[in-house]
Structures are given as C-alpha cells and as structure tokens.
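Working notes for the structure below.
The values are calculated or read from the model by the stated rules, or taken from the named source; none is laboratory data. Here the structure is a predicted model, which is why all the values come from computation and not from measurement. Don't worry about glycine lacking a Cβ; one is built from the backbone with ideal geometry, like all the others, and counts go over all protein chains shown. The area values use the complete protein model at the heavy-atom level, side chains included, leaving out ligands, DNA and RNA. Shrake-Rupley method; radii C 1.70, N 1.55, O 1.52, S 1.80 Å.
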Amino acid sequence: MLKIILCVIFVLICVFLTVVVLMQEGKQTGLGAIGGMADSYWGKNKGRSLEGNLTKLTTVAAVLFIVLALVLNLIW
C-alpha cells in the first residue's frame, strides 16, 4: 500500500515539475541586455517576482523528485 501511495505522489511531482519548468521564461536576455533591461526593477528583484517563485518551486520539486526516486528505489 505504501508503494502505491509513494508512486502516485511521485507521478504528481513529475507532472508538477514539468509544468513549472515549462512556465519559466528563457534565460537568454537577447537585445534587452543592450538597452539596459537587465538593470530594471524585475532584474534586480527577481526573488520577489513570478520568475523567482518559479525558480524556487523548481528547486523544491527537483529535490523532492530525487529523494522520492531514491526512496522508491530502495523500497522496490
């Protein structure tokens, strides 16, 4: 029963991680770096923006993914 619950949680984390990664913007600045876009409000306060939150969520989901994969490997 525990294996089934952990597998369902693992699949949900996989789907969540995929969605969060696809929602992020690309890291290439392109022509925005020439015009000074990197020094804008959103560039300086990235931790408070949506992009910063998505980065934090990606990190947490990736850690949960790896830990749960290891646990499932030991249980299986």
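Computed values, structure above
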{"item": "Sequence of 65, 16, 10 from largest to smallest accessible area, 1.4 Å probe", "result": "16, 65, 10"}
{"item": "Residues residue 56 and residue 2, FRET efficiency given R0 of 35 Å [Cβ-Cβ distance, rounded to 0.05]", "result": "0.75"}
{"item": "Rounded to the nearest 10 Å², the accessible area of residue 3 at probe 1.4 Å", "result": "90 Å²"}
{"item": "Placed amide H near residue 49: partners under 5 Å, 5+ positions off or other chain", "result": "none"}
{"item": "Estimated distance in nm for a label pair at residue 49 and residue 64, the labels positioned 7 Å out from Cα along Cα-to-Cβ", "result": "2.5 nm"}
